[in-house]
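Accompanying notes for the structure given below.
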Amino acid sequence: MSTSTAAGEQTPTRTAAGKPRHLYEVDVLRILTFACVIGVHTTSHTVATDDVPLNALLGLLHFTRLVFFSLTAFVLVYSYTLRPRPMAQFWPKRFLLVGVPYLAWSFVYVLSSWLLDSTRRGDVPDLVRTFAEGVVTGTSWYHLYFLLVTMQVYLLLPVITWLVRKTRRHHVTLLVVTLVVQLVVFAGYKYYPASDAWLQGYQKQFFFSYVFFIVSGAVAADHADGFLRFIRVHRAAVLWGFAGVGVLTLGVWALQVGLGQSLYAAGTPLQPDQVIWSSAVFVGFLAIGARWADRRRPGSPLARFIDYGSDRSFGIFLSHPFMIWILLYGDSWLEQVVPKPWLTLVTYVLVLGLSVAATELFRWTPLSVPLTGRPSLASRGQREARARKRASAAPVPQRSPEPVEPDDALVGETDDVGRRAGR
């Protein structure tokens, strides 16, 4: 990844002093996509089977998993390129911040389901067996497969970086080949179900189902400065293309409905048109984020809001299906009070509020790492206070204390990478 700049020249990835800058455009991309994740899940739980507008919207929102795998690969390779280190150091930290929440929330969801099932409650061997199966297959709850695939990407980082490095002069060819492979794979999943019968319904749990998005994110990271510069220079064209592909995606959805598919089946995520649509969303959201990053005023209310949302987004992702479950469980009072289609909007707002509140609560407890994938704010404050005390008592200037925020590729955190690399 090229990082050389002229003295005093700021670039999309470097400050005027030549130090790596925090990619605030990635924060916006992450927040927008997480917001749409909640939209996918609340809509799929509340939409009427014959509601054409909401089912069409649901079809558009199914880009989320694919955009996240591009984002994960982008930030993972970008961070690792700035601060390479042995896998013996890299893997433990990554698996702590993703693997521990994966295990914790798998148990929360499995235990809750077990307690609510009168036919299974009290059968401890069944609980243990269900938990173990859920961890291995990523099926403890419907969103946790994402963490399972993310950990596969972590394991494959040496292979991914090797591939990007060895094909550096042939990245266009690499992207075209993986794009064709992705289209073929999704075409098989969607239109030739017998072709993936050997996967036993676990298509979404394997990294090879997202090969183009992983590779394209890694290649974009290898050209991060040029890629983000292109997004800025051609922002209008990118956004118009984003809108145009969205219209075409709706057209494919309508065509498939006209050919006899159900409103929901026409918009499923593992189909060829989602490859193009999700790619358009990735660059479109980045263009929106770049616009924000270029006009960002540190300390402003909006800047603080974006920073807050970026920090809490992973915890919200982990907990929001639990809030949907609570609100819609059994003979839900919410469904009895709020008619469709307004039920979708009301549920979305309530789920978002409850998830933010739960994440904020968890962040101030010792359970912050397992339940939010982030360090406890209480312990962070204590470390910062001790660092300030040592600095004030020191007779000579000291180096800045170690950054406390993890460089978590899942949520795109790069602040500490930049500060370390600048030393």
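Count Lys and Arg as plus one, Asp and Glu as minus one, and take only other residues whose Cβ is under 14 Å from that of Thr42; the net charge is then -1. Segment Gln152..Ser262, full-extension length gain: 36.3 nm, with 0.36 nm per residue of separation and the alpha-carbon distance subtracted.
Could I have the simple spin-label model distance between Leu183 and Ala197, label points 7 Å from Cα toward Cβ, reported in nm to one decimal? About 2.8 nm separates the two model spin labels. Summing +1 for each Lys or Arg and -1 for each Asp or Glu among the other residues whose beta-carbon sits under 13 angstrom from that of Trp342 gives -1. For the chain, taking Cα atoms only, Rg and Dmax work out to 22.2, 77 Å respectively.
Magnitude of the charge dipole for the chain, about its Cα centre and with charges confined to Cβ atoms of Lys, Arg (+1) and Asp, Glu (-1), is about 1940 debye. Counted over the range 70-159 with a bin width of 5 Å, the fraction of Cα pairs per bin, in whole percents, is 3, 13, 21, 19, 14, 10, 8, 6, 4, 2, 0. Ranking Thr11, Tyr109, Gly258 by how far each Cα lies toward the positive end of the dipole of the chain (charges on Cβ) leaves Thr11 at the top. Springs join every pair of Cα atoms under 10 Å in this Gaussian network model of the chain, and among Ser278, Ser355, Ser118 the largest mean-square fluctuation is at Ser118.
Result for the chain in a Gaussian network model with C-alpha springs under 10 Å: among Val176, Val98, Val108, the largest mean-square fluctuation is at Val176.
Are there any helices in the chain, counted as whole DSSP H runs, that stretch 30 Å or more along their axis by Cα and score at least 0.0 on average by Kyte-Doolittle, and if so which? TM-like helix candidates: 24-46, 87-116, 235-258, 272-295, 301-328, 342-363. Seen from Gln271, the other residues with C-beta closer than 14 Å to its C-beta sum to a net charge of +1, counting Lys and Arg as +1 and Asp and Glu as -1.
Per-residue ellipticity at 222 nm for the chain, helices alone: DSSP H runs ≥ 4 residues times -39500 (n - 2.57), over residue total, nearest 500 deg cm²/dmol? Counting only the DSSP helices, I get -23000 deg cm²/dmol. The relative contact order of the range 217-349, computed from alpha carbon pairs under 8 Å that lie at least 6 residues apart in sequence, is 22 percent.
Taken along its principal axes, the alpha carbon cloud of the range 220-333 reaches lengths of 46, 37, 25 Å, longest axis first. What the range 295-381 shows is 50 Å² of accessible area per residue, with the surface traced by a 1.4 Å probe over protein heavy atoms. Once neighbouring chains are kept in place and the probe is 1.4 Å, which whole percent of the accessible area of the chain is contributed by carbon and sulfur? For the chain, the apolar C and S fraction of the accessible surface comes to 68 percent.
Given a cut-off of 23 Å, what percent of all Cα-Cα pairs of the range 1-124 lie beyond it?
Tail fraction, whole percent: 59.
The values are calculated or read from the model by the stated rules, or taken from the named source; none is laboratory data. The structure displayed is predicted, hence computed values, not measured ones. Reconstructed Cβ throughout: ideal geometry from the backbone, glycine too, with neighbour counts over all protein chains shown. Note: areas computed on protein heavy atoms with side chains; ligands, DNA, RNA excluded. Shrake-Rupley method; radii C 1.70, N 1.55, O 1.52, S 1.80 Å.
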